[in-house]
Amino acid sequence: MKKIGFLTSGGDCQSLNATMRGVAKTLYQRYDDVKIYGILEGYKGLIYGNYREMKPGDFSGILTEGGTIIGTSRQPFKKMREPDENGLDKVKAMKENYKKWGLDCLVILGGNGTHKTANLLSEEGCNVVTLPKTIDNDIWGTDITFGFQSAVNIATNAIDCIHTTAASHGRVFIVEVMGHKVGWLTLHAGIAGGADIILLPEIPYDINAVVKALEKRNRQGKRFSILAVAEGAISKEDAALSKKELKAKNKDNPYPSISYKIGKEIEERTGQEVRITVPGHTQRGGEPCPYDRVISSRLGSAAARFIIEGKFGYMAGIKNNEVIPVPLSEVAGRLKTVNPDSSIIREAKGLGISFGD
Ligand code: F6P
């Protein structure tokens, strides 16, 4: 009898269920007597002992279903070593439940924070296999994360919808795209949606360069402009400050997000009307796109293979279209960012897209 715990942690995304289905189907193919424990609401369930025994039927019909059938929550890694409000040692509690339930392996689906805790559990002696989930595509060790392409589709659709209105009114539109501290989602949706200006955290912008790019379009007789702005975009000025200095500077910041600051500056400098659209969490919603369904099924199947082979302490990642095992110790605490000198940026610049640098 094999007992495997599934756990989804951090922000959800479209392809979590498809990935769990991939793991489950492969395990059910291989073992007649496998028990899958759905650990509820991420690490919270592992800490407080909440799980649901899953049946093969639970994994039917979920390939196309967004969200996660076992729930998720954010449990910050930096607080994992701190006792909870009742003095409970969280790491000890997780290890005890792992043992009490007699698990042979934990399958953990998550992003960066999740991987730090997964690595900690692995170092503490639990058998762990992980899968790279996030719309941000910022996990080190894999070319692509599941959820990313579905989110690119949604963010691109938002830009497409804005295009017609921008053209009708002759305005400047800003579409603010998620992605946390990295610009992958904005870069891809920006190119796919034909944005004129793309601002990323990895390429701090100069507002004068942004204004210049807008004026150039005006001179070319273009009636409107679209900016795809990453939620983590930052000006050159702010990028030069230390974390502490930036915090002090932003203490009385009146803007709900970076796009509103940029929008205000553009209006003041150009006199053009600016509108801002923030698709927000819609980017994590709805069904996974076919591309994500394929990589989720492949990654899920490969993760199950790792379990069958007793290969623990690894993330299933994709490199050059091959699924490979990546040691958790290498993944944890590292971020995959957009390289400003990469070919995709050069090509985008070649198309006339401004990055405000
Ligand atoms: O990591 C996924 C993500 O959607 C980021 O792009 C975004 O910054 C963050 O999560 C939002 O988090 P929350 O859902 O907790 O508001």
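The values are calculated or read from the model by the stated rules, or taken from the named source; none is laboratory data. A quick note: this is a predicted structure, and the numbers were derived from the prediction, not measured. When we count neighbours, we look across all protein chains shown, and the Cβ atoms used for this are built from the backbone with ideal geometry, even at glycine. Protein only, heavy atoms only, side chains kept; ligands, DNA and RNA dropped before computing areas. Shrake-Rupley method; radii C 1.70, N 1.55, O 1.52, S 1.80 Å.
Numbers for the structure displayed
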{"item": "Boolean, Ile307 is touching a residue at least 60 places away in the same chain (Cβ under 8 Å), surrounded by 13 or more Cβ atoms within 10 Å (Cβ to Cβ) and part of a strand (DSSP E or B)", "result": "no"}
{"item": "Residues of segment 51-70 that turn out to be touching a strand residue (DSSP E or B) at 6+ places or on another chain (Cβ under 8 Å), open to solvent by 30 Å² or more (accessible area, probe 1.4 Å) and farther than 20 Å from Gly11 by Cβ, as a count", "result": "4"}
{"item": "Top-ranked residue of segment 78-113 - restricted to ones that are open to solvent by less than 10 Å² (accessible area, probe 1.4 Å) and not small (Gly, Ala, Ser), ranked as farthest from the ligand (Cβ to nearest atom)", "result": "Cys105"}
{"item": "Counted residues, segment 32-50 - those being basic (Lys, Arg) and either surrounded by fewer than 18 Cβ atoms within 10 Å (Cβ to Cβ) or away from the ligand (no atom under 16 Å from the Cβ) (or both)", "result": "1"}
{"item": "Selection from segment 120-143 of residues that are open to solvent by 20 Å² or more (accessible area, probe 1.4 Å) and either assigned to a strand (DSSP E or B) or not aromatic (Phe, Trp, Tyr) (or both)", "result": "Ser122, Glu123, Glu124, Gly125, Asn127, Asp136, Asp143"}
{"item": "Which listed residue is in a loop (DSSP other than H, G, I, E, B), under 28 Å from Glu309 (Cβ atoms) and under 27 Å from the mean Cα position of the chain (by Cα), from Leu103, Leu63", "result": "Leu63"}
{"item": "Residue satisfying all of: in segment 144-158; part of a helix (DSSP H, G or I) and out of contact with any helix residue (DSSP H, G or I) (no Cβ under 6 Å at 6 or more places or on another chain); nearest to the ligand (Cβ to nearest atom) among these", "result": "Phe148"}
{"item": "Enumeration of residues in segment 3-31 that are assigned to a helix (DSSP H, G or I), surrounded by fewer than 20 Cβ atoms within 10 Å (Cβ to Cβ) and in contact with a strand residue (DSSP E or B) (Cβ under 8 Å, 6 or more places away or on another chain)", "result": "Tyr28"}
{"item": "Qualifying position, being more than 25 Å from Leu106 (Cα to Cα) and open to solvent by less than 70 Å² (accessible area, probe 1.4 Å), among Glu265, Glu287, Glu273, Glu245", "result": "Glu265"}
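Matching residues to (1) more than 16 Å from the ligand (Cβ to nearest atom); (2) touching a helix residue (DSSP H, G or I) at 6+ places or on another chain (Cβ under 9 Å):
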position	(1), (2)
Ile207	yes, yes
Ala213	yes, no
Gln220	yes, no
Leu241	yes, yes
Gln272	yes, yes
Thr282	no, yes
Ile295	yes, yes
